Structure formats: structure tokens, C-alpha cells
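Just below is one structure, and these are the notes that go with it.
The values are calculated or read from the model by the stated rules, or taken from the named source; none is laboratory data. All values reported here derive from a predicted model rather than from experimental measurement. Ideal geometry is used to build each Cβ from the backbone, glycine not excepted, and the neighbour counts take in all protein chains shown. Accessible surface is based on the protein model in full, side chains and every heavy atom, while ligands, DNA and RNA are left aside. Shrake-Rupley method; radii C 1.70, N 1.55, O 1.52, S 1.80 Å.
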Amino acid sequence: MHARVGSFLALLLALAGCAESNPGIEIEGVLAFSDAAMCTLDPGTDPTFLASPTLDTSPLFNAIRPGGIRYAASFQVVNRFLNLGRSDFPIMADPNSFFVEEAEVSLEAIDGSPLDLGDLPTRFRVPASGYVPSAADATEYGRGAVTVEVIPSIYGDALQGRTGTIVAQVQLTGTTSGDSTQTTAEFQMVVSLCDGCLFQCQLDEMSMPINVPSCRPGQDAVSAAAAACGP
């Protein structure tokens, strides 16, 4: 266990003190897929947010969840910094578009107490990716989707079989195109844990069990899983 934890932590970015947040860039919510068939995300002024993020902690369905027990969230992020680029003289590139580089995550019980995660730290950093354009004006802000593995698979292993509710505090850090480092305020994300609720038995026309994964099997939406049909 110790060797595995050590190798995982080597992949995480070194944990440092929290940077001050800037209200110009903010996490607005966790995006739901606007088209479940195409698995598309549509950040904007009228987004579809997840009402109740859910993670299935059952270890029985890895046939259609090869990444293991994990939760990847796509956050809608708003950028209120104005586009200062100019196409006339003097020509100037916009310095205020925002590129997300990492996320700091803290996992807690619903009452705010630390989770029992074995040897794993409850606060850690993971890489994140996403682009958020700058605001066109004072009323038309820039918005983009940023994907973060809020619960990596090694943390999912530590949560295996658990039910109930946990809280993930997420803070994003990145750099503007003008080379200014910016950090969002912490966003509180409540995650429901269940054991087997997101995998159900479905049969084909020959009455044989089938696997039909959702966009992100094991989180938020139900997947058809042959393993749920029993022996």
C-alpha cells in the first residue's frame, strides 16, 4: 500500500500554501452532459448543472469502468476580465484569456471532519485542463469547461463500498495569456456515494446481458452492466 501511495503522490503536484483567489475568475457549477448520446458539454449563460453528483463505489463493474472508481468533474468557469486585445493600431494580443493548469482538492465528510482515507492525504493537487475566454464587455462574460479528476482512482479505492455523502472543496489555478497567475475561490461540491446504484442489468433481444456504458461509467448516470445480472 505504501509503495502505491508513494508512486501516486509523486504524480501529484507538490502541495503548497493556498494562493489568494480573484473574483474575476470563478467556478459556477458542475456541468451535466447536454447531450447524453454524444457526451457533449455546453458551457454558457444557460448551462445544465448537475443537481446531485453521484459516485458508485462498487468494485464489481470494472469491465465497463476500466479507469476504476473515480470521479471526473467538468466545471463551468466564468472569466470576468475584459478582452483588451486590439486589431487596430497599436495591435495588442488579449492578455486576459485563462488557461487552467491544476486543481487543489480537499475531501471531507459532510460534517466537515476529515475522511478516513488510510495513508492518503485529504488535501492534494492534480493536473487540470481547460480554456476560459475573456469577457467581451462588462455584461458578456467568458465561460468555459474545465475538467478535473476530483476523486482519482486511488482515492476511489479508499472509498470502495462506502455509501453516504462527502464534500469535495475544489480550487483552480492557472495562467492568463498575459502570464498572470490566477486562483479561484474554493467551490464546494457535494458528492453522494452509493454501492451499485449506477449499474443495472439489461438484456439484448436474445435475453443475454449487455454492457452499455454511460458517458462516464460509475458516476452520475446509470450504465447497463452484465455483472449486474448475476451469474
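Look at segment 126-144 and say how many of its residues are crowded, with 21+ Cβ neighbours inside 10 Å and under 22 Å from Gly67 (Cα atoms).
2
If I go through segment 173-185 residue by residue, how many of them are surrounded by fewer than 19 Cβ atoms within 10 Å (Cβ to Cβ), out of contact with any Pro (no Cβ under 6 Å at 6 or more places or on another chain) and closer than 28 Å to Thr40 by Cβ?
2
May I ask you to list the residues in segment 112-164 that are more than 14 Å from the chain's Cα centre (by Cα) and of a type in the set (S, T, N, Q)?
Ser113, Thr122, Ser134, Thr139, Gln160, Thr163, listed by residue number.
Only one of these conditions is not met by Glu205: (1) more than 23 Å from Leu115 (Cβ to Cβ); (2) surrounded by 14 or more Cβ atoms within 10 Å (Cβ to Cβ). Which number is it?
Only one criterion is unmet by Glu205, namely (2).
Specify the residue that is most open to solvent (accessible area, probe 1.4 Å); the eligible residues are those in segment 46-74 that are more than 18 Å from Phe33 (Cβ to Cβ) and in contact (Cβ under 8 Å) with a residue 60 or more places away in the chain.
Leu60
Taking segment 93-115 as the search range and keeping residues that are under 19 Å from Leu82 (Cβ atoms) and assigned to a loop (DSSP other than H, G, I, E, B), which one is most open to solvent (accessible area, probe 1.4 Å)?
Result: Ala93.
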